[in-house]
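The values are calculated or read from the model by the stated rules, or taken from the named source; none is laboratory data. From a predicted model like this one, the values you see are computed outputs, not experimental measurements. Here the Cβ positions follow ideal geometry from the backbone for every residue, glycine too, while neighbour counts run over all protein chains shown.
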Amino acid sequence: MVGEPPDVEQVILGKGGVLERSSPGSVIVDMTTSEPSLARRIYEEAKGKSVSSLDAPVSGGDVGAREGTLAIMAGGDEVAFKQVLPVFELMGKNIAYMGGPGMGQHTKMCNQIVIAAAMVGVVESLLYARKAGLDLDAVIDIIGKGAASSWSLNQLGRRIVKGDFAPGFYIRHFVKDMGIALLEARKMKLSLPGLALANQFYTAAMAEGLETDGTQALYKVLDRLNRP
């Protein structure tokens, strides 16, 4: 798992990289959130060397990584997925084979599209609660157990209340993910205005120098928009 698609390409396909040094019958697993097209390219080049390849991005943030409860969504050959499953089970609790090469990445894009809009909702909700004079933790206590419940509200909402904007997931990486999703959407001639709007808020956060803050720092951007 590395940061950006160019890193994936260099580490796996570059000179002296993983594929060049892999033996026939081995399995390459890329857990970076990356481009579906790159996952398919890795798959084809690996296949040419009798090596299997899985794109297996994850969700669950720093908490899921520490506690071994990540969601893992895998694309590639199902035989290779079953071979690697015992390793995945050491890292995650919600693990699924989603289809052929690139399908793990497409599934992660679905995840990021939901989170992008959800995070805007979390931030706006907490700003509203603060303006109304409510206790923010008490608000999360009650709505975090109802229909508004989400990981973003219950985990990152608490960090916002504490003023904790340390990264569990960098804003710059989330902007990268949204960019991939928007690019794939354009290829499919699909309009995603909610994602495009969320992307603008996060781009504003990058412009404000928050790129290495956690995604919950979107709160700072919308807070500033609402100040006199």
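Determine, yes or no, whether Gly48 is surrounded by 14 or more Cβ atoms within 10 Å (Cβ to Cβ) and not aliphatic (A, V, I, L, M). Lay out the reasoning, then the answer.
Details: surrounded by 14 or more Cβ atoms within 10 Å (Cβ to Cβ): no; not aliphatic (A, V, I, L, M): yes.
The answer is no for Gly48.
For Gly61, state whether it is in contact (Cβ under 8 Å) with a residue 40 or more places away in the chain and closer than 30 Å to Gly157 by Cβ. Spell out the reasoning first.
Values: in contact (Cβ under 8 Å) with a residue 40 or more places away in the chain: yes; closer than 30 Å to Gly157 by Cβ: yes.
When the stated conditions are applied, Gly61 passes them.
Got a number for residues in region 1-35 being within 21 Å of the chain's Cα centre (by Cα) and not polar (S, T, N, Q)? It would help to see each step written out before you state the result.
Applying the first criterion (within 21 Å of the chain's Cα centre (by Cα)) to region 1-35 yields 1-12, 28-35.
Cutting the leftovers down to not polar (S, T, N, Q) gives us 1-9, 11-12, 28-31, 35.
Going through region 1-35 one residue at a time, the tally reaches 16.
Go through (1) of a type in the set (S, T, N, Q); (2) in the same structural domain as Leu153 (by TED's automatic domain parsing); (3) surrounded by 22 or more Cβ atoms within 10 Å (Cβ to Cβ) for Asn111 and report which single condition fails.
For Asn111, the failing item is (3).
Limited to region 60-80, what total is found for residues that are crowded, with 21+ Cβ neighbours inside 10 Å, touching a helix residue (DSSP H, G or I) at 6+ places or on another chain (Cβ under 9 Å) and not in a loop (DSSP other than H, G, I, E, B)?
Quick first cut of region 60-80, residues crowded, with 21+ Cβ neighbours inside 10 Å only: 60, 64, 70, 72-76, 80.
Retained after the next criterion (residues that are touching a helix residue (DSSP H, G or I) at 6+ places or on another chain (Cβ under 9 Å)): 60, 64, 70, 72-76.
Right, trim to not in a loop (DSSP other than H, G, I, E, B) and you get 64, 70, 72-76.
Selection size over region 60-80: 7.
If you go through region 117-142, how many residues are more than 26 Å from Gly68 (Cβ to Cβ) and within 16 Å of the chain's Cα centre (by Cα)?
Result for region 117-142: 2.
Since Ala181 meets every condition but one in (1) crowded, with 17+ Cβ neighbours inside 10 Å; (2) within 21 Å of Asp62 (Cβ to Cβ); (3) of a type in the set (Gly, Ala, Ser), which condition does it not meet?
Failing condition for Ala181: (2).
List the number of the failed condition for Met119; all other conditions in (1) closer than 30 Å to Glu35 by Cα; (2) in contact with a Ser or Thr (Cβ under 9 Å, 6 or more places away or on another chain); (3) outside any helix (DSSP H, G or I); (4) not assigned by TED's automatic domain parsing to the domain that holds Ala74 hold.
Here Met119 clears every test but (3).
Could you tell me whether Val11 is of a type in the set (A, V, I, L, M) and surrounded by fewer than 18 Cβ atoms within 10 Å (Cβ to Cβ)?
Numbers: of a type in the set (A, V, I, L, M): yes; surrounded by fewer than 18 Cβ atoms within 10 Å (Cβ to Cβ): yes.
When the stated conditions are applied, Val11 passes them.
Which of the following residues is part of a helix (DSSP H, G or I) and more than 22 Å from Phe169 (Cα to Cα): Glu20, Glu9, Glu44? First the steps, then the outcome.
Numbers: Glu20 fails: part of a helix (DSSP H, G or I); Glu9 fails: more than 22 Å from Phe169 (Cα to Cα).
Being part of a helix (DSSP H, G or I) and more than 22 Å from Phe169 (Cα to Cα) holds for just one of Glu20, Glu9, Glu44, which is Glu44.
Six or more apart or on different chains, Cβ under 8 Å: which pairs go from a residue in region 115-132 that's within 15 Å of Lys162 (Cα to Cα) to one that's in a helix (DSSP H, G or I) and of a type in the set (Ser, Thr, Tyr)? Could you list them?
Val122/Ser152; Val123/Tyr219; Leu126/Tyr219; Leu127/Tyr219
I want to confirm something. Restricting to region 172-227 and keeping residues that are part of a helix (DSSP H, G or I), of a type in the set (Asp, Glu) and more than 20 Å from Gly157 (Cβ to Cβ), which single residue is nearest to the chain's Cα centre (by Cα)? Steps first, please.
The first filter runs over region 172-227 and keeps only residues part of a helix (DSSP H, G or I), leaving 172-187, 193-207, 215-225.
Now narrow it down to the ones that are of a type in the set (Asp, Glu): 177, 184, 223.
When the remaining residues are screened for being more than 20 Å from Gly157 (Cβ to Cβ), the result is 177, 184.
Details: Asp177: 7, Glu184: 15 Å.
Applying the filter and picking the extreme gives Asp177.
Applying the selection to region 138-171, what residues are outside any helix (DSSP H, G or I), out of contact with any Phe, Trp or Tyr (no Cβ under 9 Å at 6 or more places or on another chain) and of a type outside the set (S, T, N, Q)? Step through it out loud before you land on a result.
Quick first cut of region 138-171, residues outside any helix (DSSP H, G or I) only: 144-150, 163-170.
In the following step, the residues that additionally are out of contact with any Phe, Trp or Tyr (no Cβ under 9 Å at 6 or more places or on another chain) were identified as 144-150, 163-164, 166-170.
Within region 138-171, Gly144, Lys145, Gly146, Ala147, Ala148, Gly163, Asp164, Ala166, Pro167, Gly168, Phe169, Tyr170 meet the criteria.
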